[in-house]
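What follows is a single structure, written as structure tokens, with notes after it.
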Amino acid sequence: MRMLKKKSPLEKYTGVDIVFYAIVNVFLILVLIIVFIPMWSTITLSFRPNTYIGTNLEMMFLPPWEWSISAYKALIGNMGFFGSLWNSLKIFIFGVMTALFLTIPLSYVLSVKTLPGRKPLIIFVLIPYLFSVGLIPTYLVVVGLGLTNNLAAVFLPGAIGTYNCLIMYRFFEGLPEELKESARIDGAAEWYILLRIILPLSKPIIMTIGLYYGVSFWNDFFNAMLYISNNALQPLPILLRNILMGAGMNEFIEINAFGDAPIQAIKAACVFMSAIPMLLAYPFIQKYFTKGTLLGSVKG
């Protein structure tokens, strides 16, 4: 009996498929190069020696043993940096907790199909997504609540993102209705269903929305610039902005506080260090990020 020859993986694809996947691979490689070059330029620029006189392009190919860590020493040795970093961490932690605490119940309520007035409520949630109230009313509300010079002013105005709420609402709506109905028949209250049944099944979407909120709060400098005038409460993006503006306007008072490191290296080191927490957090939630985005995507 003649044995069948096992087909190679490439034999499963036609010539058109092979060409298509080759084009996709080339495109992805180009995207990777486009993303990698600026990142590598920023990293190498942050290690620029004070005596280096070459261009930034030449610095990208400078051997590591000629790098200098003077910029990182200057940042770490400056108390303003650690204070700003701690403020950003508090905004990140309390902002994500507050945003999820408000978004999860609202999204679950919208997903309950038997809720009276559900459609008007959905329209009410969509209105601020389609029509922004503007900066002045928001500013008046924040000031009226006495949140100026308070870190809560950075994350409370954006604690409920309509887009994030809709993604989570679609995820909750896609869960089997039989699970909720069986719990209701057994006499379970809605808060019990949410805590004991829905949330254990919703880890992907919670991690995904938490990442969305976290990146937004971590990088937000506009709200901090508007509502925080106390230098002791300024987050890291404000410190970075002050460094950039000080360099552009030749204001050496702020720059000299960081020692004799090159100002270009200081700026690059601050950008890189401010991105480190997000770079460290993303690998741990990446598997949830893709699944949560796909399952919770807004369907047309």
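No value in this document is a laboratory result; all are computed from the given coordinates. As the structure is a computational prediction, the values presented were derived from the model and not from experiment. Because the Cβ atoms are built from the backbone with ideal geometry, glycine has one as well, and the counts that use them run over all protein chains shown.
Observations
- Spacing of the modelled spin labels on ILE43 and ALA275, each 7 Å from Cα toward Cβ, amounts to 1.0 nm.
- Relative contact order computed over the range 13-68 (Cα-Cα under 8 Å; 6+ residues apart), in percent: 31
- Environment charge at ALA269 (Cβ cut-off 11 Å; Lys +1, Arg +1, Asp -1, Glu -1): +3
- Rg to Rh quotient for the range 13-68, alpha carbon positions, Kirkwood Rh: 1.31
- All Cα-Cα distances of the range 79-295, cut into 10 Å bins from zero to the largest, leave 7, 27, 29, 22, 10, 4, 1, 0 percent in each bin in turn.
- Evaluated over the range 98-212, the Cα radius of gyration and Dmax, each in Å: 16.2, 49
- Order by protection proxy (mean Cβ within 10 Å, highest first), peptides 187-195, 31-39: 187-195, 31-39
- Report note on the peptides 62-71, 164-173, 126-135, 84-93: ranked by the mean count of other C-beta atoms within 10 Å, highest first, their order is 164-173, 84-93, 62-71, 126-135.
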